[in-house]
Amino acid sequence: MTNGVTTTGTTTTTSTPVTTATTAPGAAPATSTGTGTGTGTMTEDQLGLIMQGHVAFQALWAAHELGVFPHLSAHPDATADEVAKETGLPASSLEVLLGALRGLGLVEEHDGRLRNAPLAEEHLVPGRPGSYTPMLGWQRHIVYPGLSDFTASLREGTSVGLRNFPGPGDTLYHRLAVHPELRGVFHEAMSGLSALANQGLSASGALGGSRHVVDVGGGDGTNAIALASAHPGLRVTVFDLPSVTELARQNIERAGLTDRVGVHSGDMFTDTFPDGVDAVLFSHILNIFDPPVSVTLLRKAYDTLPPGGKVAVLNMMQNDTKDGPATTMLAAPYFLAVASGQGRLYSWSEYESWIREAGFSGYERFGDLPFFHGLHVGTR
């Protein structure tokens, strides 16, 4: 198998992942080697940054709201006076904001001229293929207030942070149905995250040869549209709650793909998956739940598929030593306190074990996908 690590039964072969890094048998791909601080090398400045993390994010959010990054992208080497005019900020206020952005390494200043730092230019300018900006509103309006109840959630073992989002249901996903503004913020973030991951999913070729994919919990249709666009002969069905599939339907119509991409409303736990599919995709879904629930969903996929059918699990990954990358390690508090009261971003070996426990014999993993993502494929 090219572009991944293939394991069938007890035979393991190693080949090149999606990028040029080499993955040893059973090891996590290169992007999942930790950036955690378990080695004891943290500096005092890094500790201070953690203590002031709420300030750091608010500086980032203010710069995003005020359009600092796109302005500096369009006008590199702008002066502070020019940025003040663009943002409408008093000079003293801009000095405070620019000081925070320089301290965070997001903006550089040379001889009184300002420009985005390379990572800010790559990821913080809206509309860029690798932009992280769709996820910022979700952090500001959902994660940020919800995590104020993290300690209480730890003590009670449930999502106390949901009280910030009143409504029916025991998960954020159900409550968003009565918060249309927040629902839009959430799906913009998930769409942005999926857009990053889908670059790797399409490049992997993992679903090549499939004829009909059901995207379980497929949200606003971002995954389905990307898959259908990359594979002209492929049919894709978005399976999600009724309040979500209507949004997906609108996006599919805008993309001009109604002939090959459809929606099927239902609950992934209580309703059957659509018939006639030969591949099931779980993208950013199994991380929401505890392991037994994930295995149940994988078994449901197994029962839905014909012999030779595939299940694909796409998600951000912990490494197998569970000490990094820091970005993925910090997701668990959100799932506990806000999203569902369970779940986290799991490791490579955990996903592999669940896929095998669900009955799938063939197994492949694809690493080095964008933004700490990995892809697991099981074959019935």
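Looking only at segment 332-380, count how many residues are hydrophobic (A, V, I, L, M, F, W, C), more than 30 Å from F150 (Cα to Cα) and more than 17 Å from the chain's Cα centre (by Cα).
Counting residues in segment 332-380 that are hydrophobic (A, V, I, L, M, F, W, C), more than 30 Å from F150 (Cα to Cα) and more than 17 Å from the chain's Cα centre (by Cα) gives 4.
Is it true that Y144 is in contact (Cβ under 8 Å) with a residue 12 or more places away in the chain, among the hydroxyl-bearing types (S, T, Y) and within 21 Å of T327 (Cβ to Cβ)?
yes
Outside the structural domain of E188 (by TED's automatic domain parsing), farther than 19 Å from E188 by Cβ and not aromatic (F, W, Y): which single residue out of S93, S148, S153 fits that description?
Answer to the selection: S93.
Mind checking which residues of segment 153-175 are in a helix (DSSP H, G or I) and either at pLDDT below 95 or surrounded by fewer than 14 Cβ atoms within 10 Å (Cβ to Cβ) (or both)?
Selection gives L154, R155, E156, R163, Y173, H174.
Which ones in segment 119-133 are buried (at least 20 other Cβ atoms within 10 Å of the Cβ) and either at positive phi or in contact (Cβ under 8 Å) with a residue 60 or more places away in the chain (or both)?
Residues satisfying the conditions are L124, Y132.
Quick check on my filter: what residues within segment 264-316 are under 20 Å from the mean Cα position of the chain (by Cα), in a strand (DSSP E or B) and more than 22 Å from F371 (Cα to Cα)?
Correct list: V280 only.
Which one is nearest to the chain's Cα centre (by Cα), of the residues in segment 208-263 that are surrounded by fewer than 16 Cβ atoms within 10 Å (Cβ to Cβ) and of a type in the set (D, E, K, R)?
My answer is E246.
Let's see how each residue does on (1) outside the structural domain of D240 (by TED's automatic domain parsing); (2) on the phi > 0 side of the Ramachandran plot; (3) in contact (Cβ under 8 Å) with a residue 24 or more places away in the chain:
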{"position": "K300", "(1), (2), (3)": "no, no, yes"}
{"position": "D303", "(1), (2), (3)": "no, no, no"}
{"position": "G308", "(1), (2), (3)": "no, yes, yes"}
{"position": "Q318", "(1), (2), (3)": "no, no, yes"}
{"position": "T328", "(1), (2), (3)": "no, no, yes"}
{"position": "L336", "(1), (2), (3)": "no, no, yes"}
{"position": "S353", "(1), (2), (3)": "no, no, no"}
{"position": "R356", "(1), (2), (3)": "no, no, no"}
{"position": "F366", "(1), (2), (3)": "no, no, yes"}
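With (1) surrounded by fewer than 19 Cβ atoms within 10 Å (Cβ to Cβ); (2) outside the structural domain of G343 (by TED's automatic domain parsing) as the list, and L72 as the residue in question, which single condition is left unmet?
The failed condition is (1).
The values are calculated or read from the model by the stated rules, or taken from the named source; none is laboratory data. Keep in mind that what you see is a predicted model, and the values were worked out from it rather than measured. As a convention, Cβ positions derive from the backbone with ideal geometry for all residues, glycine included, and neighbour counts pool all protein chains shown.
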